[in-house]
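Accompanying notes for the structure given below.
Just so you know, all these numbers are worked out from the coordinates, no wet-lab data involved. Keep in mind it's a predicted model, so treat the numbers as computed, not measured. Neighbour counts are summed over all protein chains in view; Cβ atoms, including those assigned to glycine, are modelled from backbone coordinates with ideal geometry.
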Amino acid sequence: MSTETTVSRIPRINEPAPEIEGKSTHGVIHITDYTSKGKWVMLFSHPADFTPVCTTEFVEFARRHADFERLNVQPIGVAVDSVYAHIAWIRNMEQNFKVKVQFPVIADLDQKVAKAFGMVHEAVSDTAAVRAVFFIDPKNTIRALLYYPQNLGRSVDELLRVFEGLQTSEQNACSIPANWKPGDSVIIGAPITQADAEKRVASNGNGLEVTDWYYTKKKLSAATAKAS
């Protein structure tokens, strides 16, 4: 008897997001409905409706709606439950926690979306998705992805930080250091010639924070940082 397991391939960073069509609480939607209009998309899965950890996440996503709006990010949820279950759960959360869930939730009963994005891990469950998050840019390209087990809720602060870091890096041709927060210094690229390395060290204090030729930080101006 065969013991082979069908494994969904996880899309990788800088690959196009898989094309999907999902029946959601906002009607039939596609990721490109949003990316084609210049929006970033946060596609996230949750194991099941009416579960406590998922409820904490949805409530926080709802409470942070203005922050996602500020970053031009469209959250889209996905789970194997029906649209009716999604609607009932959303109404329940809005009543119990006094929030407004303004993002669509896809009813992925046939698991097409979950399988396209590698959200179903058979070692955990062959029916429920793990907590996956895909960060998709306006070019419909996957820029980052995170996976969590079913019993660990996600940090909304970190999800927002990823979007803000990606946008800051892209718009200012820089990299983002560990534990970076908006307003912190960013990293600029290392020189690639010996002469430029010597110039870099000599430029310390001229708007640059040069620790060594390969390790340099820069404070973005308030106007530049705001634009990002």
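A few remarks follow.
- Comparing ALA17, GLY27, GLN171 along the charge dipole axis of the chain, the residue lying farthest to the positive side is GLN171, per the Cβ-charge model.
- Check: the chain dipole with +1 on Lys, Arg Cβ and -1 on Asp, Glu Cβ, in debye: 660
- Entries in LYS39/LYS112; LYS23/LYS115; LYS39/LYS217; LYS181/LYS217; LYS39/LYS139 that, when Cα-Cα distance is taken, lie over 20 Å: LYS39/LYS112; LYS39/LYS217
- Amide H to amide H, with H built 1.01 Å from N, ASP184 comes under 5 Å of no residue 5 or more places away or on another chain.
- When only the Cβ of Lys, Arg, Asp and Glu is charged (+1, +1, -1, -1), the dipole of the stretch 22-154 relative to its Cα centre reaches about 440 debye.
- Ordering HIS30, HIS46 from the fewest to the most neighbouring beta carbons within 10 Å gives HIS30, HIS46.
- Mean Cβ neighbour count within 10 Å, used as a protection proxy, ranking 107-115, 199-207 highest first: 107-115, 199-207
- Relative contact order [Cα under 8 Å, 6+ residues apart], the chain, whole percent: 21
- Oblate is the label for the stretch 1-94, because a/c, from the alpha-carbon gyration tensor with a ≥ b ≥ c as root eigenvalues, is 1.5 or above and a/b does not exceed b/c.
- Relative contact order of the stretch 22-154, pairs being alpha-carbon contacts under 8 Å that are 6 or more residues apart, as %: 35
- Antiparallel DSSP beta bridges within the chain, as percent of all bridges there, nearest 5: 70
- Restriction of the trypsin sites (Lys or Arg not before Pro) in the stretch 1-106 to DSSP coil positions whose beta-carbon has at most 12 other beta-carbons within 10 angstrom yields ARG9, ARG12, LYS37, LYS98, LYS100.
- Local electrostatic count, SER203, Cβ distance below 13 Å [Lys/Arg +1, Asp/Glu -1]: 0
- Given 15 as the ceiling on other Cβ atoms within 10 Å, longest exposed-site-free region of the chain for chymotrypsin sites (Phe, Trp or Tyr not before Pro) in DSSP loops: 51-213
- Cα-based convex hull, the chain, per residue volume (Å³, whole number): 156
- Once the Cα atoms are used to define both axes, helix 83-97 deviates from the longest principal axis of the chain by about 70 degrees.
- The stretch 22-154 shape via C-alpha gyration tensor axes, a/c threshold 1.5: rounded
- With a simple spin-label model that places each label point 7 Å from the Cα along the Cα-to-Cβ direction, the separation between GLU94 and THR141 comes to 3.7 nm.
- Net lengthening on full extension, ASN179/GLU198 (0.36 nm per residue, minus Cα-Cα): 4.0 nm
- By the helix-only formula, in which each DSSP H run with n ≥ 4 contributes -39500 (n - 2.57) and the sum is divided by residues, the chain has a 222 nm mean residue ellipticity of -9500 deg cm²/dmol.
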